[in-house]
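None of the figures in this text is laboratory data; all of them are computed from the coordinates on show. Computed from a prediction, not measured in an experiment: that's the story for all the values here. Ideal geometry is used to build each Cβ from the backbone, glycine not excepted, and the neighbour counts take in all protein chains shown.
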Amino acid sequence: MTDFLIVENAGKHFGGLRAVDDVSFSLEEGSLSAVIGPNGAGKTTMFNLIAGVFPLTSGHVRFLRKTIRNPNGACRMGIARTFQNVRLFKDMTVLDNVLVGMGDTGFLKASVRLPKFVDAERLRMKRAYYVLEEVGLEKFANTRAADIPFGHQRLLEIARSLALKPRILLLDEPAAGLNRTETTSLAGLIRKIRGQGITILLVEHDMHLVMNLVDRVIVLDQGKKIAEGTPAEVRANPRVCEAYLGTPTC
Amino acid sequence: MLALVIINGVIIGSIYALISLGFNIIYNTTGVLNFAQGEFVMIGAISASWASAHFSLPIALLIGALTAGAVGVLVDVLAIRPARKASAVTHIIITIGASIIIRSAASLIWGTEPYQLPPLKEGSISIAGVGIDFQQLILIGVAAVCMLLLSLFFRYTTAGRAMKACASNSEAARLCGVSVGRMSAMAFGLSAFVGGIGGIMVTPMISMSYASGTSLGLKGFAAAILGGIGNPVGGVIGGLLLGVLEQYSCLHSSMYKDTIALAVVVVILLLRPRGLLKR
Amino acid sequence: MKFPQPISYTRLYRGPMILLLAIIVLPLLARGQYSYLLPLAQLCGIWAIVVLGLTLLMGFTGQVSLGHAGWFALGAYGAGVASSAYHVSLWPAMFIGIAAGGLLAFIAGVSILRLKGHHLALATLCIGVIIYEVITKMEITGGAAGLNDLPQLHFFGDSDLSKVYLIWFIVLLVMIWATHLTESPAGRALRAIHGDEDAAESLGISVFSVKVKVFVASGILASLAGVLYAFVYTPSYLGPEPFTLIFSVLLVTMVVIGGMGNIWGALAGAAVLTGMNEVIRLVGERLGSTQMSKYEELISGLILVLIMIFSNDGLIPGLRRIFQRKRS
């Protein structure tokens with residue numbers, strides 16, 4: 001048992017719909033895990049609960065023993081997330097998108113604009129540029145976010161989250177809409193991020209990506225957890241095959 | 001005292017109810033919040049009043065309502081249709097601009113003096129110890145008849161149902177052969193016609209000048225929001241409620257009764273944006 | 001390797017320096033028969049201050065306000081009432097005007113900024129009209145008759161020329177402040193909120209609190225403009241006429257004309273509208289009509305509708321797009 005991220009009997013009801021129903025699991029620091037399941041299994045809802053988007057109906061989610069109250073709080077605790085449908089700041093440049101999360105947004109300091117402040121800005125921009133280099137987008141720094149190709153937009157979302165220097169990164173279907181080449185380089189990027197000590201939790205539909213990448217898999221179906229284990233264990237689990245294919249063998 | 005407040009409230013509230021009806025017709029068909037609604041009322045009243053000097057009263061009233069209807073269609077064709085794809089806020093600003101145009105045009109055509117119509121029937125009766133003019137009863141009656149006719153129109157006529165279809169899903173309506181442009185013009189025309197009738201009914205009691213439409217329009221809007229925007233019955237109830245609220249506040253201070261309507265809107269937006277009644 | 005750099009002080013102040021030059025030189029040219037342009041320039045400057053604040057709110061942060069005439073009114077009447085009814089002297093009265101606008105903008109902002117889209121627009125519309133109604137009905141504001149003989153803020157004398165300098169010097173300061181704000185993380189936060197509120201929230205931006213800050217800032221700027229209106233532009237008489245819903249809508253039009261997310265566009269918007277008003281008035285004078293103010297209103301309404309129809313994100317970007325299309 002770990003103190004890092006603990007999901008304990010988590011439940012989220014929307015009216016009559018039980019999107020997440022009594023799910024429990026925990027993540028160790030530095031691990032690379034995935035949440036999978038058929039459509040409507042509650043994966044993104046689970047993500048939203050960890051990211052503090054809405055409160056739980058029952059149970060707890062705790063990060064480093066603290067309850068996550070809202071997205072701002074989650075961010076401050078070191079939880080960063082990407083979105084299923086890419087939600088960039090479309091009219092801002094690629095560099096500005098990354099800079100948004102880097103803080104110091106006070107009105108007073110900005111109004112006076114002392115040289116010290118400008119120096120801090122310079123450092124921020126430098127760091128943002130490095131983050132872009134990490135994901136390979138540095139050439140697009142001054143391009144409008146809406147004008148870069150879709151695959152790059154996904155990478156930009158990840159870069160934006162990395163700029164927060166998070167401890168845990170939630171990636172919501174990062175491979176959706178990417179071709180084979182892009183998916184392979186995405187896997188490489190995820191491994192690199194993991195190598196920096198950041199804990200990663202993915203939601204994914206791309207089985208090939210998931211099975212060859214992660215340490216552990218958590219399987220949800222209709223809001224409930226039906227399996228958990230290494231990719232090999234989960235693949236052999238009849239309940240998982242049942243949920244996806246309707247037959248007990250895959 | 002209370003009887004007076006309620007009765008006077010219902011009387012003036014019927015006007016707000018009629019205006020909110022017109023408001024909702026347009027909103028339900030096109031999604032536009034029409035801030036020129038009050039101007040339709042004013043046009044109906046003033047053109048009828050002007051016409052009564054040249055024609056017999058019934059003809060003059062018809063001219064008034066038809067003129068209002070025509071102005072409504074013009075607003076749709078000239079101001080709303082070109083900007084159909086714009087955001088809701090842009091539509092609001094456009095209708096405010098239209099109301100400015102109609103208002104200043106009215107002052108240029110008919111001058112700045114107030115107009116009045118003779119009441120349809122003189123005299124008054126007494127209910128619960130309160131004197132009510134026949135004209136006021138006629139107002140309530142006409143408002144009720146309008147509501148009834150409109151609900152029948154929307155439920156049982158092809159045109160009415162087509163208009164409702166436009167509101168729920170204009171793409172689907174278009175695919176079914178409904179001309180969105182024509183429905184929109186009809187909605188504006190019908191709504192303005194109803195507004196014009198309201199103006200005609202109320203001018204014997206309150207004289208109207210070129211600027212009278214604005215505050216009436218805001219109150220009709222408030223009534224619609226109070227009852228839940230898009231809900232015609234809600235708008236009617238909202239109108240009556242607003243009328244009573246205003247009369248009640250008169251007891252305490254008659255100065256700020258016009259601000260009551262707007263304050264109500266803000267409160268509703270903050271607490272129950274869907275209005276008091278469920279859709 | 002060339003890193004992206006924050007904008008240098010020289011580049012940042014290039015625009016304001018050109019503006020400073022224009023402010024110093026242009027009014028001196030308005031002599032003799034053109035001296036009637038000076039009061040016009042004063043009014044344009046006053047409007048520009050409001051439009052700058054509104055541009056930050058609407059253009060950058062994407063929050064629509066159809067009630068900014070209200071904050072303008074609170075500044076003017078706050079200062080006016082303080083001095084005429086309570087005999088407060090000039091500078092404290094000015095402070096009271098600005099504080100009144102700022103405080104009420106804070107209360108209103110905290111209450112309504114959780115609303116989005118047209119709900120927010122409607123709430124601001126109502127608040128603006130409520131402020132107008134209350135002002136026209138209260139006794140200490142003089143009701144519809146207004147206030148007379150307010151104190152005058154002197155700036156090297158009382159001439160129209162010195163008033164232009166005073167007002168536009170303040171416009172310059174506001175421009176510099178706005179430029180500082182937009183070219184900073186705070187400016188990015190505003191634009192991020194406009195882009196995607198949820199994403200901004202997940203990146204650590206306290207969306208609600210930033211919205212309130214920019215709303216209050218725009219309210220304070222509007223009140224400042226109001227105080228200048230009362231004590232500099234027209235101290236002999238202050239009436240409720242300029243503070244109607246129409247003025248709120250005109251302010252939004254000025255923001256739209258200027259291209260929404262553009263500080264210099266705010267100036268352009270104010271200038272274009274002032275110019276338009278003047279042209280209409282001149283044409284009216286030429287035609288010798290007695291009903292000119294009504295024609296002016298009619299034409300303003302027409303222009304407003306046309307601008308909105310052709311907008312989408314401003315007339316100037318719209319025109320730019322038309323020219324780009326023509327070239328290709």
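Per-residue HN-Hα couplings for segment C:51-67, Karplus 6.51 cos²θ - 1.76 cosθ + 1.60 at θ = phi - 60°, whole Hz, x for Gly and Pro?
Residue by residue, segment C:51-67 yields 5, 4, x, 5, 5, 4, 6, 8, x, 7, 9, x, 9, 7, 10, 9, x Hz.
Grab the alpha carbons of chain A, take their convex hull, and tell me the volume per residue in Å³.
139
Quick one: net charge around B:H91, please, counting Lys, Arg +1 and Asp, Glu -1 for every other residue with C-beta under 14 Å from its C-beta.
Surrounding charge for B:H91 is +2.
Compute the distribution of all C-alpha to C-alpha distances in segment A:89-165, in bins of 5 Å from 0, and list the percent of pairs in each, rounded to whole numbers.
3, 17, 28, 22, 15, 10, 5, 1
Counting Lys +1, Arg +1, Asp -1, Glu -1, what net charge surrounds A:V35 among other residues with beta carbon under 11 Å of its beta carbon?
Charge balance in the 11 Å sphere: -1.
Please report the spacing between the Cα centers of segment B:115-150 and segment A:72-128 in Å, no decimals.
64
For Cα pairs less than 8 Å apart in space and 6+ apart in sequence, what is the mean separation divided by the residue count of segment A:1-133, i.e. the relative contact order in percent?
Dividing the mean separation by the residue count of segment A:1-133 yields 21 percent.
How much length is gained on full extension from A:S111 to A:E242, taking 0.36 nm per residue of separation minus their Cα-Cα distance?
Net length gain for the segment: 41.1 nm.
Take peptides A:5-17, B:74-86, B:32-44, C:238-250 and line them up by average Cβ neighbours within 10 Å, highest first, as a rough protection proxy.
Packing order, densest peptide first, comes out as B:32-44, C:238-250, B:74-86, A:5-17.
Under the definition of Cα pairs under 8 Å and six or more residues apart, what whole-number percent is the relative contact order of chain C?
In percent, rounded to a whole number, it is 30.
Cut-off is 10 Å between beta-carbons; in what order do C:T141, A:T247 appear when sorted fewest neighbours first?
Listed from fewest to most nearby Cβ atoms, that is A:T247, C:T141.
Over the Cα atoms, compute the radius of gyration (one decimal) and Dmax (the largest Cα-Cα distance, rounded to a whole number) for chain B, in Å.
Rg and Dmax of chain B, Cα atoms, are 18.0, 58 Å.
Could you sort out which of A:K165/C:K2; A:K12/A:K109; A:K139/C:K211 sit more than 31 Å apart by Cα distance in this structure?
A:K12/A:K109; A:K139/C:K211
Using only helices, what value at 222 nm comes out for chain C when you add -39,500 (n - 2.57) per DSSP H run of length 4 or more and divide by the total residues, to the nearest 500 deg cm²/dmol?
When only DSSP H runs of four or more count, the value is -24000 deg cm²/dmol.
Quick check: Cα centre of segment C:160-224 to Cα centre of segment B:234-259, how many Å?
38
What is the fewest-to-most order of B:I225, B:I101 by other Cβ atoms lying within 10 Å of their Cβ?
Ascending Cβ contact count within 10 Å gives the list B:I101, B:I225.
Eigenvalues of the Cα gyration tensor times 5, then square-rooted: what semi-axes does that give for segment C:146-275, in whole angstrom, largest first?
32, 16, 15
Please compute the alpha carbon radius of gyration of segment A:174-250, then divide it by the globular-protein estimate 2.2 N^0.38 Å. Two decimals is fine.
1.17
Convex hull over the Cα atoms of the protein assembly as shown, averaged projected area in nm²?
Computed as one quarter of the Cα hull surface, the answer is 43.3 nm².
With springs connecting C-alpha atoms under 10 Å apart, model chain B as a Gaussian network and identify which of B:C146, B:C166, B:C250 has the largest mean-square fluctuation.
B:C250
In whole angstrom, note down how far apart the Cα centers of segment C:248-299 and segment B:24-47 are.
26
Of all beta bridges DSSP finds with both residues in the protein assembly as shown, what is the antiparallel percent, to the nearest 5?
65
Which of the aspartates and glutamates could a cross-linker span from A:K192 if the Cα-Cα distance has to be under 12 Å and same-chain partners fewer than 8 positions apart are dropped?
Correct list for A:K192: A:E134.
Pick out the long, greasy-scoring helices in chain B: whole DSSP H runs spanning 30 Å or more along their own axis by Cα, mean Kyte-Doolittle at least 1.6.
Span-like helices here: B:2-30, B:88-110, B:134-156.
Using the per-residue mean of other Cβ atoms lying within 10 Å as a proxy for protection, in what order, highest first, do the peptides C:26-32, B:210-216, A:235-241 fall?
Descending mean neighbour count gives B:210-216, A:235-241, C:26-32.
When the Debye formula is applied to the Cα atoms of segment A:104-250, each taken as the same point scatterer, what base-10 log of I(q)/I(0) results at q = 0.14, 0.17 Å⁻¹?
-0.80, -1.02
So how far apart, in nm, are the two label points at B:R155 and B:M1 if each is 7 Å from Cα heading toward Cβ?
That separation, rounded to one decimal, is 4.2 nm.
Quick one: net charge of A:F47's neighbours, Cβ under 14 Å, K/R +1, D/E -1?
Summing Lys/Arg as +1 and Asp/Glu as -1 gives -1.
How high is the relative contact order of chain B, in percent, counting Cα pairs under 8 Å that sit 6 or more residues apart?
37
Using a Debye calculation, one point per C-alpha and no hydration shell, please list log10 I(q)/I(0) for segment C:35-242 at q = 0.10 Å⁻¹ in order.
Scattering profile of segment C:35-242, log10 relative to I(0): -0.43.
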